[in-house]
Structures are given as C-alpha cells and as structure tokens.
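Engineer: This is the structure I want to talk about, given as structure tokens.
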Amino acid sequence: MPAKSIGQEYMKGLWAENPVFRQLLGMCPTLAVTNAVINGIAMGLATSFVLILSSLVVASIKKLIPNQVRIASYIVIIATFVTIADRFMAAFFPPISKALGPYVPLIVVNCIILGRQEAFASKNSVGRSLVDAMGMSTGFILALLLLSSIRELLGAGTFLGYQVLGEWFKPWIIMILPAGAFITLGILLGLALLIEMKTQMRRA
Amino acid sequence: MNLYTRMIVVLTVVGLISGGCLSVVGLLTRERIELNRQKEIEEAIGKVVPGTKSYSAAVEEKDLTVYKAKGEQDNLIGYAIYARGTGFQDVITLMFGTDPNLDKINSLTILEQKETPGLGAKITDGQAFLQFWENREINQGLTLRKPAVDTKEELAPSEVNTITGATISSQKVLDIINLSLEQVRSLKNRGKLEGEE
C-alpha cells in the first residue's frame, strides 16, 4: 500500500474511513446521546479529547510496551483520559455532564478509540497518529452533529435549544426516543452506501 | 530484562502514572464539583420555599434530606425536603417545600430524572406538571387526578394532575413525595427536626 500524504491521512477519517458511517464503530454513543445537538457536540468533543491524547501517548511509548500487555496498557491510558474528561465536565459543565450521564465513562469502551490505537497509533509515528486521530475525531463529530441535528429538529422542532420550526410543527417524539436513533442512523447509513456506490460506478 | 519482568514493569508504571494523574485531577476538581452540587441545592431551596435567607440540614438520611429554611428574622418559614426514589426508568431526585406545620406544599422542583423524553420527562415542565403542585394541602394525603384536567381550578386542594401518556411517572413522583412526607412527619413528631443546627 503506498504511503498516504498527511492530508490524505486526515481526510480519510471524514469520509472514506468515517468511524460511524463507514466503519460502524462507536455505535453506543452515536445512538444514545444524539437526542439533542448540544449533547452530540459535547460527546464528540469528549471523545476527540480522549482519542487524540491516547493516540499521542500510545504512539510515543509503543516501543516500550510488550506485545502481550498492549491492550491492557492502552485501556489504562484511555481510561485515564476518560476519567479526566468526566471530572472536568462535572466540574465546569454540570448540566451537560448530567445530560450525558453514564455515557462519558463509557467512552472507555468506545471501539473507535481502542481501534485506532490497535490499528494505527501502535504502528505509526507520533505525527501521523496525531493527524489520524484528528481526522477520525472530526469524522465522529460530524456524524454525531448530523444525526443529532436531524433528531432534534424533527423530535423537538428546535436546533441547539432555539425554536426553528414554527407553531404548526408537531414534534415527532419518536425521533428523540431510541427508535428514532435507529431509524435515522439506518437511513443515513443507507444514503452513505448509496453515495459510495454511485461514486464507484462513476470511477469504473 | 526478560519478557515477564518487562510486562510487569510496564503495566505497573503505566498504572502508577495514570493513578498519579487521576489523583491530581480528582483533587483539582473535587471542590468545584461539591460547590456545583451545593449551588444546585441552594437554588432549589430558594425556589420551593420562597423568601429563604438561610438554611440548614436538620436530618440527612440515605434518600431524604430535610432542610430548615429560615427567613429575615432567622425564623422558620418552612421545610425544603430533598428526596430520591424510583421513577419509571431510573431514579428521580426532587425537592419540594412545605410550610412549618407540614400542612401545605408550596411548590415542587425536579432535580434529576431520566424519564422518557417527551412523555415522562414532562415532570420537569412547569406548564404541564409542576404548576399543579403549587399550594397543595397535604393533611389528608395527596391523590392523583386521572384523567388529567387542564386548569388548576378543576383540582381539589389535595389533588395533583396526571400527565397524559405518563401516568406512571406522575404516580412515581407522587409516591416519592407521599413517602417522604410520612417520614418527615414521624421525624417531626419525635422532635428530630428541632435539634441539630
């Protein structure tokens, strides 16, 4: 496989290897906290913080860690950053911390993070791992933003808490319930696949 | 160094460093988190017992805390009761205010809940639920009005309204309040609310 340029390394997280739409990783937070845009953004940022810092640490100490204990070491490193993010949010953004509830501690088991350490940071230089983590984070934030915008708009008629749709609009409560998450994600995944197929056909 | 020693050393070092980082973060944020909690309780007390100038916890139990709310002249103007109990999906934490004789509920506020969004979560909505909790008479015990009514005037003084589509959440809130009122009454009768400043 030819080496990718730094730009390509970043861009792959946005579409070609988007963690949500292409790799189907991190489904638990994607489905659970996208009932409001603010929650989606907060979850995206917290995950990015953890992903970027763990990638940096893992890439810098990858040669010291024996292969047999690598997963355990990664999990300890990830858990440390997650706990820092959790405490920080509880201290400075209590309403968001309350809204996200148990999902912040659960970032520990978000497959995107461990997946990137195992598939990328443990095999690549610190610089590349950083760019890769930033690309994946951006892809994840964009996916959560898209999903939560659709759900909040249809489920409550608001965007970031501001009334967008007029009085005539009757909120579809199902959109902020778990079923709405699955429906929206399913439609978006279908669309992503359709776009991918169309572009491939054009290339062929 | 052979492989086994290296494995143990690496894991220990990683563990120690992360433990160290976490204790620093814990120390730095602990005060602030405690402060947030206190602020939330303070605001809630001011809401449920209007005119509160100072307050003190009279009784602190697992799922029940009774705060004595005092007015301008340091006189008792009511009790703010903090209670927790099971809701439809998860724990509901709420606070309500009563007068000093435990005859009446001033108002109710919900501090934490994870009820169904759009249905049970309406227990935090003033228009849909909380307004029907203002000035309720509690001597005979509160009951739920079902089917729901539209205005406060249609309710008897000891009735509270149901949220249409979320009877269980409404009932659970009522249960938490009735249970904690019973406990507070028995505490009061035993003189437990007077002591401890």
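Engineer: With B:Gln183, B:Gln127, B:Gln171 as the choices, which residue is surrounded by fewer than 21 Cβ atoms within 10 Å (Cβ to Cβ), within 30 Å of A:Thr158 (Cβ to Cβ) and touching a residue at least 12 places away in the same chain (Cβ under 8 Å)? Before you say what the answer is, go through the steps one by one.
Structural biologist: Working: B:Gln183 fails: within 30 Å of A:Thr158 (Cβ to Cβ); B:Gln127 fails: touching a residue at least 12 places away in the same chain (Cβ under 8 Å).
That would be B:Gln171, the only listed residue that is surrounded by fewer than 21 Cβ atoms within 10 Å (Cβ to Cβ), within 30 Å of A:Thr158 (Cβ to Cβ) and touching a residue at least 12 places away in the same chain (Cβ under 8 Å).
Engineer: Could I ask something else about it? Report the residue count in region B:17-43 for those that are within 30 Å of B:Ile110 (Cβ to Cβ) and either of a type in the set (A, V, I, L, M) or within 7 Å of another protein chain (Cβ to nearest Cβ) (or both).
Structural biologist: Just the residues of region B:17-43 that are within 30 Å of B:Ile110 (Cβ to Cβ), to begin with: B:26, B:29-43.
From what's left, either of a type in the set (A, V, I, L, M) or within 7 Å of another protein chain (Cβ to nearest Cβ) (or both): B:26, B:29, B:32-33, B:35-36, B:41.
The qualifying residues number 7.
Engineer: Also, quick follow-up: Taking the condition among the hydrophobic types (A, V, I, L, M, F, W, C) and more than 24 Å from A:Ala181 (Cα to Cα), does A:Ala59 pass? Break it down into steps so the answer makes sense when it comes.
Structural biologist: Numbers: among the hydrophobic types (A, V, I, L, M, F, W, C): yes; more than 24 Å from A:Ala181 (Cα to Cα): yes.
When the stated conditions are applied, A:Ala59 passes them.
Engineer: Out of all the residues in region A:154-168, is one or more in a helix (DSSP H, G or I) and of a type in the set (D, E, K, R)? Talk me through it step by step, then tell me what you get.
Structural biologist: We begin by selecting, within region A:154-168, every residue in a helix (DSSP H, G or I); these are A:154-156.
From the residues that got through so far, the ones that are of a type in the set (D, E, K, R) too are none.
Looking for residues that are in a helix (DSSP H, G or I) and of a type in the set (D, E, K, R), one finds none in region A:154-168, hence no.
Engineer: Inspect all residues belonging to region A:39-49 and state whether any of them is assigned to a helix (DSSP H, G or I), within 14 Å of chain B (Cβ to nearest Cβ) and under 28 Å from A:Gly157 (Cα atoms). Show your work before the answer.
Structural biologist: Start the filter on region A:39-49 by keeping residues that are assigned to a helix (DSSP H, G or I), which leaves A:39-49.
So of that shortlist, the ones also within 14 Å of chain B (Cβ to nearest Cβ) come out as A:39, A:49.
Among the residues that remain, those that are also under 28 Å from A:Gly157 (Cα atoms) are: A:39.
Among the residues of region A:39-49, at least one is assigned to a helix (DSSP H, G or I), within 14 Å of chain B (Cβ to nearest Cβ) and under 28 Å from A:Gly157 (Cα atoms), which makes the answer yes.
Engineer: So in region B:137-161, with the set limited to residues that are part of a loop (DSSP other than H, G, I, E, B) and aliphatic (A, V, I, L, M), which one is farthest from B:Ile177 (Cα to Cα)?
Structural biologist: B:Val149
Engineer: A further question follows. Given the structure, is A:Glu118 over 12 Å from the mean Cα position of the chain (by Cα) and crowded, with 24+ Cβ neighbours inside 10 Å?
Structural biologist: So A:Glu118 fails the test.
Engineer: Got a sec? Which of B:Val66, B:Val14, B:Val48, B:Val59 is among the β-branched types (Val, Ile, Thr), more than 14 Å from every other protein chain (Cβ to nearest Cβ) and in contact with a Ser or Thr (Cβ under 6 Å, 6 or more places away or on another chain)?
Structural biologist: Values: B:Val66 fails: in contact with a Ser or Thr (Cβ under 6 Å, 6 or more places away or on another chain); B:Val14 fails: more than 14 Å from every other protein chain (Cβ to nearest Cβ); B:Val59 fails: in contact with a Ser or Thr (Cβ under 6 Å, 6 or more places away or on another chain).
The conditions single out B:Val48.
Engineer: Taking B:Val173 as the residue in question, decide whether it is under 26 Å from B:Gln38 (Cα atoms) and modelled with pLDDT of 90 or more.
Structural biologist: yes
Engineer: For B:Glu134, which of the numbered conditions (1) under 20 Å from B:Thr52 (Cβ atoms); (2) surrounded by 16 or more Cβ atoms within 10 Å (Cβ to Cβ) fails to hold?
Structural biologist: Failed condition: (2).
Engineer: So, in region A:54-75, exactly how many residues are surrounded by fewer than 19 Cβ atoms within 10 Å (Cβ to Cβ) and assigned to a helix (DSSP H, G or I)?
Structural biologist: Of the residues in that region, 10 qualify.
Engineer: For region B:56-66, does any single residue satisfy the condition of being under 24 Å from B:Gly191 (Cα atoms), under 12 Å from the mean Cα position of the chain (by Cα) and of a type in the set (A, V, I, L, M)?
Structural biologist: yes
Engineer: A follow-up question, please. It is to be established whether one or more residues within region A:7-16 are within 17 Å of A:Lys123 (Cα to Cα), of a type in the set (A, V, I, L, M) and part of a loop (DSSP other than H, G, I, E, B).
Structural biologist: No: zero hits.
Engineer: For region A:1-13: of the residues being of a type outside the set (Phe, Trp, Tyr) and buried (at least 16 other Cβ atoms within 10 Å of the Cβ), which is nearest to A:Val108 (Cα to Cα)?
Structural biologist: Per the stated criteria, the residue is A:Gly13.
Engineer: Got a sec? Which of A:Met197, A:Met175 is within 14 Å of another protein chain (Cβ to nearest Cβ), farther than 23 Å from A:Ser5 by Cβ and in a helix (DSSP H, G or I)? First the steps, then the outcome.
Structural biologist: Numbers: A:Met197 fails: within 14 Å of another protein chain (Cβ to nearest Cβ).
Of the residues listed, the single one that is within 14 Å of another protein chain (Cβ to nearest Cβ), farther than 23 Å from A:Ser5 by Cβ and in a helix (DSSP H, G or I) is A:Met175.
Engineer: Still on this structure, please answer the following. Do you know which of the residues in region A:76-101 that are more than 10 Å from chain B (Cβ to nearest Cβ) and free of Cβ contacts under 8 Å to residues at least 60 places away in the same chain is nearest to the chain's Cα centre (by Cα)?
Structural biologist: It comes out as A:Val82.
The values are calculated or read from the model by the stated rules, or taken from the named source; none is laboratory data. As the structure is a prediction and not an experimental result, all values here were calculated from the model. Every residue, glycine among them, receives a Cβ derived from its backbone with ideal geometry; neighbour counts consider all protein chains shown.
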